[in-house]
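*Asks:* Take a look at the following structure, please.
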Amino acid sequence: MCSHSVRPERQDILDFIAQNPGKTDKRDIAKAFKVKGSDRIYLKQLLRDMTAEGLIEGNRRDGVRKAGILPAVGVVEITARDEEGALHGKIILRGEQQDFPDIIIYSKRKQPVIGDQILARLNEISAGVYRADTIKVITRAGSEKVIGILKGNLEADKKGRISAYIEPIEKRSRHIFNISGALPDNCQDGDIVVAEKISTTRSAQRHHPQQVKVTERVGAADAPDAFSLIAIAEQSIPIEFPDTVIQQSETLTQFSIEGRQDLRGLPLITIDPADARDHDDAVYACPDDNPDNEGGYLVWVAIADVATYVPPETSLDKEARKRGNSVYLPDRVVPMLPEKISNNLCSLRPDEERPCLVVKMTIDKNGNRIDHKFSRAIMKSAARLSYQQAQTGFDGKPDAAAAPVYETVLQPLWAAYQLMAKARNKRAPLDLDIPERKIIMNNGKIEDIFIPQRLEAMRLIEEMMVSANVCAAETLEKHKTPLIYRVHNIPSEEKVYALAGFVKPLGVVIDLGQPMIPRLFNRLLDGARETDYEFMVQEAVLRTQSQAVYDPENIGHFGLNLSRYAHFTSPIRRYADLIVHRALIRALKFGNDGLPDNQIESLDETAVHISATERRAMLAERSAKERYLSAFMSVRIGDEFAGHITGVTKSGLFIRLDETGAEGFSPMSYLGRERFFANDDGMSLTGGTTGKSYRIGQALTVRLLETNPIAGGMLMEPVSDDESNNGVTPRRASLRRPTHGKREGAGKKQMRPTTKKSKSYKGRKKSTSRAGRRKAKKLEKPKGD
């Protein structure tokens, strides 16, 4: 394109991309403009600036493209159906649905439905319109599946029919479902079951309950583990491992030490929660004896070498990818890998030899990482400590477990962490530290709920893991090896402006002219500490943030304030980390079990899939927790509690109780006699008469009216200042009012208002039913005839 070497300008690059549609990467641009030597640094920075300015977008695999042009493959959510029956959807980028462009869905196999998310190949067919050819359905909308309680007579009649029905557990559902076909074995009245809807005509749906076929018995509704089983069934999380996977795991033997660095003499230790099952990371530190790094430290982070036992494309690998991650529920863990691997072969037990991937980091006296090196090694853990036990050592009062490694390991670890914390504070990641409550279960019931003490031992491990993750991303970039990044996009401009408007009445001003960096939010959070509106600001800032996802394209991690970041430190419970391990093995030539070409080619699809399984796990964990908490609160109906508003909708308020962390809902009609309206900021409601407002994070006292453990819901109402608990009768309310009977409305006459207009059928669409036509004919006759 150019006959001489020049530094291209923005428009030059945009023109080149337009003239060369398809896969155009940085190398093509450099070659076209003959950019060499130090000018390559200029070009790299220019492309980054153009990406930040929204002029271009893309990645190394798919190439760069003008902003607004969709990638070749992407995730699309089905959002509508047009008058001709064609499905339309919206692209999802960085975990958020985009309003533009319009996408028409094509599928050769089973047609997706509205609400489904699909992975599709995208091609522009006209300005602002794309064709999406479905590759696979990633997540279903859930409209085809029903989970509920089996009720009625389960004995079949002479024709093999049963007069049973399903009462759905979904909070918003008001209908029952009639059962078609036989039931699975061992089903009993009151069991929780999973069913699939059977397609029926719209006319039949109007007059009779929807027909469903029961596909699975989850368990008895009153069983101790019922709430977790419901959450698992809702999200279609696989529990049992296939026989082929179990057989493969049982045949695994000890690893080979050939080609591994011998670190058995290095006193690496594990520091985890007291009840942790996975022990896949170990740490060690010592002063650096290099005179050029005076005051610096060497820090080792060793991670269990799961890739040794889970080769690519095996049954074990396919099942791990399918699950995506382990799921942690209040009473159980649904693991990504079989127990023999997660709790045995890859558990870094004290005094037992284990394979590992190790990164050795060199830290200077200011806590900056100046060098790092990876190796594939063999190690032997010197101790297993809980966070509490490690903290006793850091505090200079080691207990019996920490005493043997106090001077040799804990003291230098603490010294190294002090330096690393100094660099972290200078980097200033987003300081949004909302405490998580811990639930202690006993025989399916909550025994205790508390907020664990936030220990420096926890922050030490977190900081060392973050540094190891950065090293993994840097090393793979250096060796030009594709990987899956953990990315966190900057908050959208709309959300930041909404936040600014939300906090303005509090006397807090956000300088919208400042660069969008975590420090901007940290100043806001710091200013709200120990004030009446601290919780309010924390919740508002949290809702302003984008969702972190997995992506082969790197856009950095906003929350951590890092330009590159990849998950490397938990391969037992996250498939993303296993991918990064294999990429390191390939890049650094650590063996023949590295990331194969076909998995590199499908990194986009894998990243989308494991982002979806991560969201699936979060939903299951939250719904199980809500159900257990609802059961726990059932004995407190009528009591008053202090709480905070965590969400506002046009339907009412979501409220979290300070004592237990349980969340409930207060309908709009319970907020007062005046009508409330949702504000544009999405974080508050305002009364149309008095101007009274309810805002996210606002403290208030509520009365618990009703609980529904099976649905996981609680109904609450705000308590006014002049109202006391004495002599107050809670209003009658219900979380949902399902129809109890085989036919909707059975046994109860439906009352409808009668008006003069209702006596005439003129202008109405004629009824298609015989009874409807008879009724219409009768009403058309003059009264008295």
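*Asks:* Among the residues of region 362-374, is there at least one that is touching a Gly at 6+ places or on another chain (Cβ under 7 Å), part of a strand (DSSP E or B) and surrounded by fewer than 19 Cβ atoms within 10 Å (Cβ to Cβ)?
*Replies:* Looking for residues that are touching a Gly at 6+ places or on another chain (Cβ under 7 Å), part of a strand (DSSP E or B) and surrounded by fewer than 19 Cβ atoms within 10 Å (Cβ to Cβ), one finds at least one in region 362-374, hence yes.
*Asks:* Taking the options Lys495, Lys397, Lys426, name whichever one is within 30 Å of Ser684 (Cβ to Cβ) and either surrounded by fewer than 15 Cβ atoms within 10 Å (Cβ to Cβ) or under 29 Å from the mean Cα position of the chain (by Cα) (or both).
*Replies:* Just one listed residue meets the conditions, Lys495.
*Asks:* Of (1) more than 28 Å from Arg427 (Cβ to Cβ); (2) in the same structural domain as Ile341 (by TED's automatic domain parsing), Asp532 satisfies all except one. Which?
*Replies:* Among (1) more than 28 Å from Arg427 (Cβ to Cβ); (2) in the same structural domain as Ile341 (by TED's automatic domain parsing), the lone unmet condition for Asp532 is (2).
*Asks:* Those residues that are β-branched (Val, Ile, Thr) and farther than 23 Å from Val359 by Cα, I need them from region 370-429; list them, please.
*Replies:* Thr392
*Asks:* Report, by residue number, each residue of region 153-169 that is buried (at least 17 other Cβ atoms within 10 Å of the Cβ) and either farther than 14 Å from Pro184 by Cβ or not aliphatic (A, V, I, L, M) (or both).
*Replies:* Within region 153-169, Tyr165, Glu167, Pro168, Ile169 qualify.
*Asks:* Right, another one. Return yes when Val333 is within 30 Å of Asp448 (Cβ to Cβ), crowded, with 19+ Cβ neighbours inside 10 Å and under 31 Å from the mean Cα position of the chain (by Cα) and no when it is not.
*Replies:* When the stated conditions are applied, Val333 does not pass them.
*Asks:* Within region 269-293, which residues are assigned to a strand (DSSP E or B) and not β-branched (Val, Ile, Thr)?
*Replies:* Asp272, Asp281, Ala282, Tyr284, Ala285, Cys286, Pro287
*Asks:* Let me ask another. Would you mind finding the one in Phe568, Phe632, Phe654 that is over 26 Å from Gln117 (Cα atoms) and surrounded by 21 or more Cβ atoms within 10 Å (Cβ to Cβ)?
*Replies:* Of Phe568, Phe632, Phe654, the one residue that is over 26 Å from Gln117 (Cα atoms) and surrounded by 21 or more Cβ atoms within 10 Å (Cβ to Cβ) is Phe568.
*Asks:* Applying the selection to region 657-698, what residues are among the aromatic types (Phe, Trp, Tyr) and in contact with a Leu (Cβ under 8 Å, 6 or more places away or on another chain)?
*Replies:* Those that are among the aromatic types (Phe, Trp, Tyr) and in contact with a Leu (Cβ under 8 Å, 6 or more places away or on another chain): Phe665, Phe676, Phe677, Tyr694.
*Asks:* Hey, which of the strands (runs of 3 or more DSSP E) in region 613-707, taking only ones fully inside, have at least 2 residues that are in contact (Cβ under 8 Å) with a residue 40 or more places away in the chain?
*Replies:* Result: 640-649, 652-657, 663-667, 693-695.
*Asks:* Something else now. Of (1) over 30 Å from Ala583 (Cα atoms); (2) under 25 Å from the mean Cα position of the chain (by Cα); (3) in contact (Cβ under 8 Å) with a residue 24 or more places away in the chain, Met464 satisfies all except one. Which?
*Replies:* (1)
The values are calculated or read from the model by the stated rules, or taken from the named source; none is laboratory data. These numbers come from a predicted model, not from an experiment. Every residue, glycine among them, receives a Cβ derived from its backbone with ideal geometry; neighbour counts consider all protein chains shown.
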